[in-house]
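One structure is given below, encoded as structure tokens.
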Amino acid sequence: MLVELADVRRVLETEKLVPCFQPIVELRTGRLSGFEILARWNHPQIGPVLPPNFISLAENNGLIELLMHQVLRQAFLSASLLPAPLTLSFNVSPSQLQNLELPTQVRLAAEAAGFPLARLKIEVTETALLHNIDCARIIALEFKAMGCRLSLDDFGTGYSSLSHLQALPFDELKIDRTFISSMTDTRESRKIVASTVGLGHSLGLTTIAEGIETEEQADMLLWLGCELGQGWLYGRPSPASQLAVIVAAPDRATAATLPAPVDGWTPSSLEALPVQRLAQLQAIYDGAPVGLCFLDCGLRYVSINKRLAEMNGASVAAHMGRTAQQMMPELFPTVEPYLRRALAGEAFLKIEVQRRASTLGKLDWTAQLSYQPVLDEANEVIGISVAVADVTDIKRTEASLRESDERQLQSVEFRDLVPWIMDADGNSLHGGTRWVASASLTENPVRNLGWLEPLHADDHDKVMATLSDALRTGKPIDIEYRALTIDGEWRWMRSRGSPRFGPSGEIIRWYGSVEELDPRERNGKHPAEIERTPSTSIGTTRQATRSQATQ
Ligand code: C2E
Ligand code: MG
Ligand code: MG
């Protein structure tokens with residue numbers, strides 16, 4: 001809308017200018033950090049008129065001081081109800097930075113309303129620094145001496161220059177909303193935001209993003225390490241009457257349901273986070289029981305932990321900047337195809353490779369490699385995160401177990417028994433061909449719990465109870481039961497077995513054998529009688545046994 005100077009004068013005379021308050025939040029916790037004061041002209045006919053329509057008119061016609069007084073006075077009065085440590089940010093125009101009285105005027109207004117100056121932030125745009133920088137510096141230093149904080153507003157637009165950042169003792173960098181609004185779509189904006197956040201951190205400044213409208217933007221900013229955010233996602237500029245409701249509203253993030261932070265915690269302590277995060281990562285990196293490294297897109301070692309360096313037989317320093325091909329020439333042809341595919345975005349888990357011992361006199365070893373592509377905030381691959389586990393011991397144990405399985409089977413078969421092998425969970429790994437042939441089973445049935453199938457229904461519970469007791473305690477197995485043979489006969493069987501224990505005392509295998517008993521050795525019923533028992537039709541017995549066994 002077109003506003004005349006006369007309108008601006010009238011609005012100031014009639015005090016129709018009011019402050020609105022837009023929330024500023026901590027991105028990590030969703031907690032309210034403070035508000036920015038934004039002037040609003042409540043026009044009786046057309047509603048709120050925005051600052052770009054009247055600020056420059058006021059500034060160019062000597063009315064900006066009056067405007068500031070009106071807005072600040074009302075803002076401080078309303079904000080005296082804001083609990084500590086919530087802050088208030090206030091915009092000053094370029095011309096106001098030429099007025100040496102400004103700090104005193106602001107101080108008097110704050111003191112009159114009892115608002116602590118330490119919770120006041122002064123927002124300055126870069127254009128304000130283009131005029132009389134010496135005067136701006138005197139004013140800025142006085143604000144700092146009063147305990148106020150200084151923000152560089154709309155950073156990235158207009159005359160962005162590193163010298164502006166150093167010209168005044170800024171505490172905060174506000175990234176302009178034009179970059180935020182396009183950062184989820186254009187790579188350039190993302191890169192600018194990322195480097196601005198990085199610049200802020202390296203200068204010890206808190207970074208704040210303006211104009212956050214979507215969760216996606218908020219997530220990306222948080223990921224980039226930006227501390228504070230402001231925008232419609234968190235709240236539009238609201239009249240003073242809404243302040244109490246906004247302050248009382250729960251935080252957006254889960255932090256609301258957590259206990260209060262420990263004493264002494266302030267939003268500014270977030271600045272330490274990147275350092276803490278790095279230190280923690282370094283500790284994990286060095287202490288990890290697996291080898292870890294990061295290869296860049298040229299397959300050069302950008303970082304490597306001590307464990308992997310040792311596995312490769314060279315120091316950490318010797319790896320840096322050298323390629324995977326240079327550091328492990330014998331293995332490279334095997335792994336190169338996987339590495340190339342990882343660079344194209346594919347992840348690989350547990351690729352098994354044989355490696356030659358790097359030290360003379362040591363044995364060769366088996367490694368499991370995992371390749372995870374590392375993406376930047378634009379989802380582009382910037383390298384590969386590599387994990388290397390030495391699985392030589394596991395492989396050796398597996399091989400020796402296989403060997404002892406074979407030996408056991410041979411020796412039992414030799415004694416004319418039907419051997420069986422069972423894992424620690426009671427699954428049959430080997431039931432002996434003769435068990436398959438003599439029981440009424442045909443296709444690969446004895447594996448896992450299939451060996452229970454030919455059992456008589458009346459013996460099933462007893463067998464299961466003995467079995468689960470043995471699996472739990474390691475007690476040797478010795479049970480008798482009836483089984484249906486291929487010729488439709490019920491025969492008494494005796495199964496005996498004992499566990500083999502692993503290095504830490506856990507059961508790793510059961511070895512045993514089944515033998516057929518002479519019916520006369522049994523005191524109970526002769527198996528022939530069983531056929532006359534009504535509940536033992538072959539079909540129902542099988543079904544019942546199977547469903548119980550698989551429960
Ligand atoms: P600013 O200090 O950069 O304030 C942020 C501007 O972005 C505000 O516009 C705000 O309403 C708008 N904004 C905040 N979040 C979003 C969002 O998510 N999306 C979009 N599209 N916009 C958002 P507003 O209120 O029109 O103020 C414009 C400028 O006028 C301010 O820019 C500030 O430089 C100036 N200004 C406002 N109030 C005062 C004042 O009392 N004194 C002086 N000297 N300047 C003021
Ligand atoms: Mg501002
Ligand atoms: Mg701004």
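Data for the structure
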read-out: Out-of-range pairs (alpha-carbon distance over 32 Å; input Lys16/Lys121; Lys121/Lys191; Lys395/Lys462; Lys306/Lys395; Lys16/Lys174; Lys395/Lys475); value: Lys395/Lys462
read-out: Asp286-Asp251 FRET efficiency (beta carbon distance; Förster radius 41 Å; 0.05 resolution); value: 0.70
read-out: Rounded Å value of the spacing that divides the Cα centres of segment 47-80 and segment 100-147; value: 16
read-out: Neighbourhood net charge (9 Å Cβ-Cβ; Lys/Arg +1, Asp/Glu -1) for Ile208; value: -2
read-out: Contour minus Cα-Cα distance for Thr178 and Asp469 (0.36 nm per residue); value: 97.8 nm
read-out: Integer Hz, Karplus 6.51/-1.76/1.60 couplings in order for segment 147-153, x for Gly and Pro; value: x, 6, 9, 10, 10, 9, 7
read-out: Residue-span extension gain [Val381 to Ala112] - 0.36 nm each, minus C-alpha spacing; value: 91.2 nm
read-out: Local net charge near Met328, Cβ-Cβ under 12 Å (Lys/Arg +1, Asp/Glu -1); value: +1
read-out: Arg137 versus Ile508: modelled label distance in nm, points set 7 Å from Cα along the beta carbon direction; value: 7.5
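Coordinate-derived values only; no laboratory data. What you are looking at is a predicted structure, and each value in this text was computed from that prediction instead of being measured. Every residue, glycine among them, receives a Cβ derived from its backbone with ideal geometry; neighbour counts consider all protein chains shown.
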